[in-house]
Every structure is written in C-alpha cells, then in structure tokens.
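Input: a single structure, listed below in structure tokens.
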Amino acid sequence: MTGRAVDPTTEAVAAGEAGASQPAPDDYEVSLQPLSQMQLAWRRFRRHKLALVGSVLFGLMVLLAIFGPIIWPYDPLDIERVTKPGGNPPSPGEIFGTDSLGRSVFELVANGARLSVAIGVVTMLIATTTGIVVGALAGYFGGFVDSSLMRFVDLMLAIPFLFIVLVAARFFGSGDPLVLMLIFGVLSWPGLARLVRALFLSLREQEYVMAARAVGVGHLRIAFRHMLPNALGPIIVSATLLVANAIVLEAFVSFLNFGIRSSDISWGTALARSQGTLIQGNWWWPFFPGMAIAVTVIGINFMGDGIRDALDPRARA
Amino acid sequence: MLRFIIRRLLGIIPIFLGVIIVSFALMQMAPGGPEAAIQGQQRRLTNEQVDSWLARWCLQREDDLGALALEFGGWAGILNCRNQGSEMLFSEQGGLNFLPAFMGGGDNGLLHGDLGNSTNTGRSVQEMIGERVPGTLMLTITALVTWVSVAVAVGVYAAVRRYSLFDHGMTFFSYVFYSLPTFWLGLMLIFLFGPLLGWLPTGGVVNPRDWPAFGSPQFWSAAGERPLDAFLDIGRHLILPVTTLVAVNIAADSRFVRASMLDALGQDYVRTARAKGLATRVVVGKHAFRNALLPLVTNVALSLPFLFSGAVVTETIFSWPGMGRMFIEALGNRDYFLLMGILLVTSMIILLANLVADVVYGVVDPRIRYD
C-alpha cells in the first residue's frame, strides 16, 4: 500500500498539493502532511466501532494465549471436593465451575487458548503463503501455468473440505499439534489462491505494471513487489477468516478424537473431555471452552469487517 | 442451453477423474492401507478368506508401483483380478474388461458400479451408502428449504424496514450466529432442549420405543401403516439437527439477501414502479424481490459443500443415521473402500449441484447467455 505512487483521488493528497501550491505560513504547511495509504486505512479502521471491539476481543485472547498458562498453570492434580455428581457449578471462587473430577474449567480455558490460537495463526500463515504464491503465479503468467494450477484448485474444491481434513487428520495426524497445523494449512489454501488469481488477473492490465515491465523489472519482482501490495486488502480479510476457521476446525477434529492428543490442552480437547457429560446437567464444562472459541471468532470476524472497509480505497477517511 | 449443459458435463469428467485419483492416493498413502485393514480382521477370517478377498481386488502383498497400478486397475474396473498377467485386461466373457457387462466386459470395480466391500462388515459399499442416503437427504433437504426460506424472509423484511429495530437486531444476531462453532451450538441445543427443558428428542430419527430402526424394511412397512405418525415423529427429531445445521448459513445469507434487496430497491425501475402508483406490496414483492434473489442462487450453490460438511458434524452429534456419521465411523474403523466410496459419492453430488446451479441461474436470469 505504502510503496505505490500516491493516488490523486484521495483527499489527503489533494490537500497536500493545495498546501504546497499556496504560499502558506510555515505552521500551516506542517499541519498538512499528506497521509500515506496505510495511515488513511488506519484512520478508517479506528472509526469502525465493531472493528475496534473485535480487535480488543481478539487481542485479549492473544494475551490469554501468551500469559494464561503462566498466570493460571493447569495442574491436573489440583482437585477440589466435588459436591455434585457432574462437578461443581460456577461459583465466585471457581467462576467457570469444575469438571466432574473437581478440576477448574477456567484453568482449562486459560491454558487451551495457547494451542488453539497458535493453530489458527500458523494455519493461516501456511495457507496464505501457499495461496498467494499459487494464485499470483497463475494470475500473473496466465496460459498453461494458470490452467494447470487452477484445475488443481478446482479438484481440491470439489472434494468436501471437512471430509479430506478428517481423512488426513485420522491417517497422518499423530496427535502432534504441529502436524495438525500443517494438515490444516496445506488443505485450506485453494480458496485463497483462486481469490489472489482473480485479483492478479485484473491488476496485470494496470499501467504501472506495463511501466515496470518497460523499464525491465523482473517477473517475480513485478508480481510480488509491485502487484501484491495492491491486492493485499482482500487477502488480509480472507487471512483473518482463515484464523477463525482453523480454530473452529481444530475444536471439531479434536472433539472427534482425530486431532490433538487429549493430554495436550486446547479448547478442542477441553470440549472433547466434556463429551457425554451434558446428560448429567453440567453445562458449564463444555459451555466455557466453546464460548472462548465463539468470542475469538466473533472478534476475528469483526476485525475482518473493519479491515475490509478500511482498506477499500473507495471509502473515505 | 443444451450445448452449455453438455459442455459443462464434459468439463466435470476430468475433475471427477482427479477426485477418483486423489481419493485412491489418499487411502494408499495412509499408513497400513487396505491390505492392513483386511489383515487386521484375521481373527475373524481364515487365511483363505483373506487371500481370496485380496485377490478379488487385485490387492498385492508387495508394496511397489506395479502393485499400486494393479490395485487401482482392479478398483476402477479396468483390470479383471481373476486372471493373471496380460489376461487381466479381459473379462470372463472375453471382451475388454472395462466395457460394460452387456458388451462383453467385466463386472468388478468403479466402472461397473461396484465400489467394493467394507473391510469392516464385508457388505458392499454401494449398498451401505444406499441405506444412509435417505437419512442424509432428509436432513440436508429440510435444511436447505429452511435455510433459503428463513434467510429470504428475514433479509427482505430487514431491507424493507431498513434501520428499524428488527434490522439492527437481525444484524446483531447474524453476527453472533455466524461466529458460533456449529458442533458446539448443537451440544448446547441438546442440553437446553433435552435434559433441561425436556421438550425435544436429542438424537436419532424416530423414537426407538415406538418404531423399528430407521432405514430397516420393518420401519418402512410400519411407517406405511401410520404415515402421519411417522412424519410427525421424524419432524420432531429434525428440529434440533436442522437448526444446528443452518444457523451459520441463515446468518450469512440473510445479510446477503438484505444487501442485494437494498441494491434492488435503489434501482431506477423500482422508482418507476413506485412513481406509476403501484402498491408497495407489488413493488417490493414483484419488482425488487425477484431481482434480488438472483445472486442468492449462486451463493446457495457455492455453499452446498458446506451443507455436506455440516451434515457430518450434525449427524455425529445427533446420532443421525446418515452418510456423514457413517464417514466418521468408517474413519474410526479404517474402512478404506467405504471411505473412498463416500468421498466419490459426495464429490459427485457437489459437482452436479454446481452444474444445476449454473443452469438454474441461466433460467432465472434471462440476461445470461451461455454461447
């Protein structure tokens, strides 16, 4: 966004030019610094109330992921006396209640944040990198490269995503979170690749690409240094959604016992442990880990919405 | 239009071939593979039975590329596993094996509609899938109808009463429901309406006290005698799974319908219709509504795969006897033939659904020309 020549339609540039053309007082000139595209985007993002709420929610979850296990370490042997068959309900001392053995559900949630958020973020990084490279190559070069890569993407999208993820998790997952991240990442890039390809197809026809080509800039440099920054808006939005999807996916796969080994704590394994307890009436055990997932996902979705509006160059600051 | 359909059908073929190869490769790469799965049953099977089963599907005990090719040929129905060497290309009838049986071909493998046998139960895969299809279709079709009608009703009403309390409430709830993990929502609904309130059944298709197991011949004959009771009981059992399945889709698509309805309401022809004095009901219901629905067709078609994925989640949680739950069970049992069969059938349904959506889109929007 920042590297590109300034777009003459934005207010800030217009204001900046006006400031430069008039013999204005010194302090007046200083106050009219042209804003970069990024600064404009940040200004729009700040004004988007839901986006701010979302960022705060997601930020809190990231903090919980980093510091939660340090402040409230999970000790499976720290057992409270259980007064009801399904575990103790939420109380002032134990705000999320306890599981059926008397262990704190709050500690489970606080410790599960680290793996769940990590899986979301790492999956997103793997999928986004792959998707950008594949989509950019297909969209930039077109022709044979494009059609072969896109047929492959079609194929990946024809098989229901969850089915293939479950097969891979069952047969190749060893219960290791790293393997699970790799499986999720490797399988979730095709949608993004298709998006990047579409963006590159239209960007390819822009004048600045022609100009770059005319002065002899290499193909890869054009694609990744000149075109990619201009396609970043929609990519970032899908990347945020990938984080949310991966967190939910981990929970479901672990819930079916095909995901992370149950001795590692994530929100998914916390839910998996609570299987079959609902009949006893202790709703709090599955409720709070699921609530943690829901709050994180709501936060990410709000943030994605805000970023979409903020990076839309047609929107005004 | 006909030419378009034929062209699209031809375009599906390479993708479907790819799906076949991917599902086969996935099962082969998996540790153990089908050979190990069947050999794991040896406690119940004699050595001869295992050998004859392996031979039936060209499954070799070696593990090299040649054995893999033979195995694929047998599964696909190109090779006849009863013969040896180059004779494998020919069927008992003497014709090339991949031809249909009435043209002198064989009777085994995918090309002849044979998806193999479950390594767990020994029954034929197409039969097992066939038993579960009614359950899945019942769930997904009810879900589809609910999804589209609720999303359209809510979206249109919110667009017509823009910025009203209803509109804001709907936006809020669609955000919330869009973010809820499906399976967790299902668990919470089970708790709420099951143990807590006791209003609705939380698992199965019919009440096991009143009916034989769903899908069995006894069930169908009993249901034939009391069709209304069966219908009502199934309906009660459908409420929670369908709610779970469609919550996310309704949340996403009601906002989508609202946006496209607002778009349509701002068009010139709507202003013209209002200006010439048509009733609001006609302007909204006829002029704007029909045009606003166009984008929804594509959107629904693109979301169909998610409906199937969602069915896996929902069927597992509500112990619903459908293909999704069978898939999870097959994963647990490493039932390779069954897994490959389910992957193929679901992918085929999705490819065809996309084709139907394209065609429907052409029918409802006369501006679209396919030549």
Exercise. How many partner chain Cβ atoms sit within 10 Å of a residue's Cβ in peptide B:320-328, on average, as a whole number?
Worked result: 1
Exercise. Normalised by the residues of chain A, what does the relative contact order come to in percent, with Cα pairs under 8 Å and at least six apart?
Worked result: 27
Exercise. Build a GNM of chain A with springs between Cα atoms under 10 Å: which of A:Leu192, A:Leu182, A:Leu115 gets the top mean-square fluctuation?
Worked result: A:Leu182
Problem set entry | In the stretch B:291-371, trypsin sites (Lys or Arg not before Pro) in a DSSP loop with at most 16 other beta-carbon atoms within 10 Å | B:Arg367, B:Arg369
Seminar exercise, completed: Under 20 Å by backbone N from the virtual spin label 7 Å along Cα-to-Cβ at B:Val359, the residues of the stretch B:287-317 are B:294-305
For this session: May I ask you to list the lysines whose Cα is less than 26 Å away from that of B:Lys286, ignoring any residue fewer than eight positions away on the same chain?
Result: B:Lys276
Exercise. What range in chain B is the longest one free of chymotrypsin sites (Phe, Trp or Tyr not before Pro) that are in a loop by DSSP and have at most 14 other Cβ atoms within 10 angstrom?
Worked result: B:200-369
Exercise. Using a basic spin-label model with each label point 7 Å from the Cα along Cα→Cβ, how many nm lie between A:Met38 and B:Leu352?
Worked result: 5.3
Exercise. Most mobile of B:Thr121, B:Thr298, B:Thr243 per a Gaussian network model of chain B (Cα springs, under 10 Å)?
Worked result: B:Thr121
Problem set entry | Binned Cα-Cα distances of chain A, short to long, each 20 Å bin given as a whole percent | 27, 47, 22, 4, 0
Problem set entry | Within a Gaussian network of chain A (alpha carbon springs, distance under 10 Å), most fluctuating of A:Trp267, A:Trp285, A:Trp42 | A:Trp42
Problem set entry | Using a Förster distance of 35 Å, the FRET efficiency for B:Ile141-B:Arg271 (Cβ separation, nearest 0.05) | 0.35
For this session: Report relative contact order for the stretch A:171-308 in percent, whole number only (criteria: Cα-Cα under 8 Å, sequence separation at least 6).
Result: 27
Exercise. Can you list the trypsin sites (Lys or Arg not before Pro) in the stretch A:198-303 that are in a DSSP coil and have 10 or fewer other beta carbons within 10 angstrom?
Worked result: none
Exercise. What residues qualify as long-range amide H neighbours of A:Thr98, i.e. H under 5 Å apart, gap of 5 or more or another chain, H built at 1.01 Å from N?
Worked result: A:Asn88, A:Val105
Exercise. For the pair A:Ser148 and A:Ser262, what calculated FRET efficiency results from E = 1/(1 + (r/R0)^6), where r is the Cβ-Cβ distance and R0 = 41 Å, to the nearest 0.05?
Worked result: 0.45
Seminar exercise, completed: Which residues qualify? For B:Asn117, with a placed amide H closer than 5 Å and at least 5 residues away or on another chain, they are B:Val125
For this session: Count neighbours as other Cβ atoms within 10 Å of each site's Cβ, and list the trypsin sites (Lys or Arg not before Pro) in the stretch B:242-301 that are DSSP loop with at most 16 such neighbours.
Result: B:Lys276
Exercise. Tell me, what ³J(HN,Hα) does each residue in the stretch A:139-149 have, in order and in whole Hz, if you take phi through Karplus 6.51 cos²θ - 1.76 cosθ + 1.60 with θ = phi - 60° and put x for Gly and Pro?
Worked result: x, 6, 7, x, x, 5, 4, 4, 5, 5, 5
For this session: Figure the gain on full extension for B:Glu225 and B:Val50 (residue separation times 0.36 nm, minus the Cα-Cα span) and round it to one decimal in nm.
Result: 58.6 nm
Exercise. So how strong a dipole does the protein assembly as shown carry about its Cα centre when Lys and Arg Cβ are +1 and Asp and Glu Cβ are -1, to the nearest 20 debye?
Worked result: 1840
Problem set entry | Radius, Kirkwood style, for the stretch B:284-362 when every pair of distinct Cα atoms is counted (Å) | 14.4
For this session: Would you please give the FRET efficiency between A:Glu80 and B:Gln218, computed as 1/(1 + (r/R0)^6) with r the Cβ-Cβ distance and R0 = 30 Å, to the nearest 0.05?
Result: 0.05
Seminar exercise, completed: Taking Cα pairs closer than 8 Å and at least 6 residues apart, the relative contact order of the stretch B:129-364 in percent is 30
For this session: Send over the Kirkwood Rh of chain B, from the inverse of the averaged 1/r over different Cα pairs, rounded to one decimal Å.
Result: 24.0
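FYI, it's all coordinate maths here, none of it is from the lab. Values in this document were obtained by computation on a predicted structure and should not be read as measured data. Cβ coordinates were reconstructed from backbone atoms using ideal geometry, including for glycine residues, and neighbour counts include every protein chain displayed.
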